[in-house]
1. Give me the angle, in degrees from 0 to 90, between the Cα long axis of helix 19-30 and the longest principal axis of the Cα atoms of the chain, rounded to the nearest 10.
2. Could you grab the relative contact order for the chain? Cα pairs under 8 Å, six or more apart, rounded to a whole percent.
3. Cα to Cα, under 14 Å, and not fewer than 8 places away if on the same chain: which aspartates and glutamates meet these conditions relative to LYS112?
4. What's the extension gain from GLU162 to LEU106 if we count 0.36 nm per residue and subtract their Cα-Cα distance?
5. In the structure shown, do any of LYS19/LYS137; LYS61/LYS195; LYS61/LYS194; LYS24/LYS61 have a Cα-Cα gap over 30 Å, and if so which?
6. Test of understanding: extend the Cα→C-beta vector of ILE127 to 7 Å, then name every residue of region 155-185 with backbone N under 14 Å from that spot.
7. Please give the helix 37-47 orientation as an angle from the longest Cα principal axis of the chain, in degrees from 0 to 90, rounded to the nearest 10.
8. List every residue whose amide H lies under 5 Å from the amide H of ARG8, counting only residues 5 or more places away in sequence or on a different chain, with H placed 1.01 Å from N in the peptide plane.
Amino acid sequence: MTDEGAVRVLLLGPPGAGKGTQAKLLREEFGACQVSTGDILRRAAAERSPLGEKAAALMAKGELVPDGLMIELVAERLRRDDCLAGFILDGFPRTLDQAEGLEGILEAMGSKLDCVFSIRVPHDVIILRLEGRRSCKVCGALYHLVSQPPPRSGVCDRCGGELYQREDDRVETIRARLRVYEAQTAPLIDHYRKKGLLKEIDGVGSVEEIRGRMLQALGEVGA
Ligand code: AMP
């Protein structure tokens, strides 16, 4: 771990592996900032910013937003003060070029990664998970129609916001996202294994079980 006890970790895994859920829990546990590129892009798309307009069509098809844009976006986000307390990267990097971009950003900041989690979940489990996923339009809370249904159908229990299904959580797009993951992102597992940073986590189980596995692995790297 770093001198200040800040955690600097990266979550790798196919869509639906639980990266977003676990990143939120790690953020709460360590007071680190959560940098979720998917959330940033969805917000930009909702606000119809120039970045959002560009990203929306690619996201709807399950394709990746160009590396240069993503690297700039993450560089700007990591330089903000709240990341001094550590950061949890969720959904970035997704290509080897992005991983190299991240190395440059961290080097320029005098920072480094403590560990990279690879969350492993079989594709059939992912499809069941993502098809049933619902999120709150207002606060982003996550639900699942089968494993974590909202008490009132279609309504967020936390803030009363409306729940919706992400456009890219429909079966055909899920399959496209899995293909993109295998072709472009899975090679990062080996990249980080070679650097001695990789911790493989079994991503099948309850949210609490997976959280426990990650905290144990972080303990092993000295958190
Ligand atoms: P996620 O919420 O992480 O599953 O991301 C949703 C979508 O946002 C992806 O399918 C991509 O279209 C886009 N996206 C998110 N992060 C990245 C990234 N690091 N590089 C390229 N595209 C991304």
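1. Between the helix axis and the principal axis of the chain, the angle is about 60 degrees.
2. On the way: 329 pairs, mean separation 64.2, N = 223.
Contact order relative to length: 29 percent.
3. ASP3, GLU4, GLU100, GLU103
4. Numbers: separation 56, 0.36 × 56 = 20.16 nm, distance 3.78 nm.
16.4 nm is the gain from fully extending GLU162 to LEU106.
5. Values: LYS19/LYS137 19 Å; LYS61/LYS195 32 Å; LYS61/LYS194 32 Å; LYS24/LYS61 26 Å.
In this structure, LYS61/LYS195; LYS61/LYS194 lie more than 30 Å apart at Cα.
6. Label zone hits: 170-179.
7. Approximately 50 degrees, to the nearest 10.
8. Result for ARG8 returns PHE87, ASP114, CYS115.
Quick note: the coordinates plus some simple rules give every number you see, no bench work behind them. Every value quoted in this text rests on a predicted model; they were computed, and no experiment measured them. Cβ atoms come from the backbone with ideal geometry, glycine included; neighbour counts cover every protein chain shown.
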